[in-house]
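For reference, the structure discussed in these notes is given below.
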Amino acid sequence: MHIDWWTLALQTVNVLILIWILGRFFFRPVADLVAKRRSEAAKLIADADAARTEAEDLRAEAARLRAGIDAQRDRLMAEARKAAEAEKASLVAESSRELDRHRKDAAIAIEKERAVMQRAVLDRANELSVQIARRLLERLPPSAAFSAFLDGLEGELGKLPAERRQNLAASSADHPLEVLTAATLDDEQAARLRETVHAALGAEVPMQLSCDPNLIVGFEIRGRNVIVRNNWQADLATIRKELGR
């Protein structure tokens, strides 16, 4: 076998030139393109990782915000429930106070009405008692009623403390003892009245007699600081006062 070394050398040179040309104009641009693609792919992967991380952060932030919103909603609902309970308690208390006020007003109104009715009953009873007293007096002899109440007057004067009797006995002509009678007295009755008063007081005192039909029957003696009553009007007033209790 014969080898043409010149031909082999030329072919070798051609191969080297071809390899240089390919490396210069083909492999390097392809390698650069591959490197560029690889860099872009790495950047895309990094961006995707960053986007995924951001998405996870956003998801975590959304979960935190949702938890905060839920907590705030629960707090607001609790506050609203508490405020509603407080308002309910306030309304119940106000209603209770209003009911108590109405109850007290009703009780006061009832008490006033009862007092008015009681007063009306007492007034009617007083009128009836006066009418009954007058009818009874019409059946009695005038002398009997006069004598009975004159004796009663003597007894009332006798019950007075000595100081008050002295006060009545100290009456003078300038300030005579005022004696009221239920009916006009005749001379004999007036004389008996003076004798009874003088005997009870232990002194003859000036007296001024006057008539007051409101006494119904009986007498009333008025001094400066002493009043002695023995008449049916005073008795009825005492009875009315007792009934009023």
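The values are calculated or read from the model by the stated rules, or taken from the named source; none is laboratory data. These numbers were taken from a predicted model, which means no experiment stands behind them. Methodologically, a virtual Cβ is constructed for each residue, glycine included, from the backbone with ideal geometry; neighbour enumeration extends over all protein chains shown.
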Among residues of the range 214-235, those that are part of a helix (DSSP H, G or I) and of a type in the set (S, T, N, Q), counted: 2
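Any chance the range 201-222 includes a residue that's more than 58 Å from the chain's Cα centre (by Cα) and small (Gly, Ala, Ser)?
yes
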Residue match in the range 187-197 (condition: surrounded by fewer than 17 Cβ atoms within 10 Å (Cβ to Cβ), of a type in the set (A, V, I, L, M) and outside any helix (DSSP H, G or I)): no
The listed residue being modelled with pLDDT under 70, part of a helix (DSSP H, G or I), under 29 Å from Lys241 (Cβ atoms) and out of contact with any His (no Cβ under 9 Å at 6 or more places or on another chain), out of Glu138, Glu111: Glu138
Condition check for Ala120: at pLDDT below 80, assigned to a helix (DSSP H, G or I) and either small (Gly, Ala, Ser) or surrounded by fewer than 10 Cβ atoms within 10 Å (Cβ to Cβ) (or both): yes
Candidate set from the range 170-186 (those that are closer than 17 Å to Ala148 by Cβ and of a type in the set (Gly, Ala, Ser)); member that is surrounded by the most Cβ atoms within 10 Å (Cβ to Cβ): Ala182
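In the range 150-180, which residues are assigned to a loop (DSSP other than H, G, I, E, B) and out of contact with any strand residue (DSSP E or B) (no Cβ under 8 Å at 6 or more places or on another chain)?
Scanning the range 150-180 gives Pro161, Ala170, Ser172, Ala173, Asp174, His175.
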Lone unmet requirement of (1) of a type in the set (Val, Ile, Thr); (2) in a helix (DSSP H, G or I); (3) in contact (Cβ under 8 Å) with a residue 60 or more places away in the chain for Thr238: (3)
Qualifying residue in the range 193-203 (condition: β-branched (Val, Ile, Thr) and closer than 19 Å to Gln233 by Cβ): no
Within the range 200-213, tally of residues that are outside any loop (DSSP other than H, G, I, E, B) and either free of Cβ contacts under 8 Å to residues at least 24 places away in the same chain or touching a Leu at 6+ places or on another chain (Cβ under 9 Å) (or both): 7
Single match in Gly152, Gly158 (criterion: of a type in the set (Gly, Ala, Ser), within 20 Å of Ile216 (Cα to Cα), over 54 Å from the mean Cα position of the chain (by Cα) and modelled with pLDDT of 80 or more): Gly152
Residue match in the range 126-133 (condition: under 30 Å from Ala191 (Cβ atoms), at pLDDT below 75 and either part of a helix (DSSP H, G or I) or not acidic (Asp, Glu) (or both)): yes
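Kindly indicate the residue of the range 216-231 that is charged (D, E, K, R) and closer than 21 Å to Phe146 by Cβ and also surrounded by the most Cβ atoms within 10 Å (Cβ to Cβ) among those meeting that condition.
So, considering only residues that are charged (D, E, K, R) and closer than 21 Å to Phe146 by Cβ, the one surrounded by the most Cβ atoms within 10 Å (Cβ to Cβ) is Glu220.
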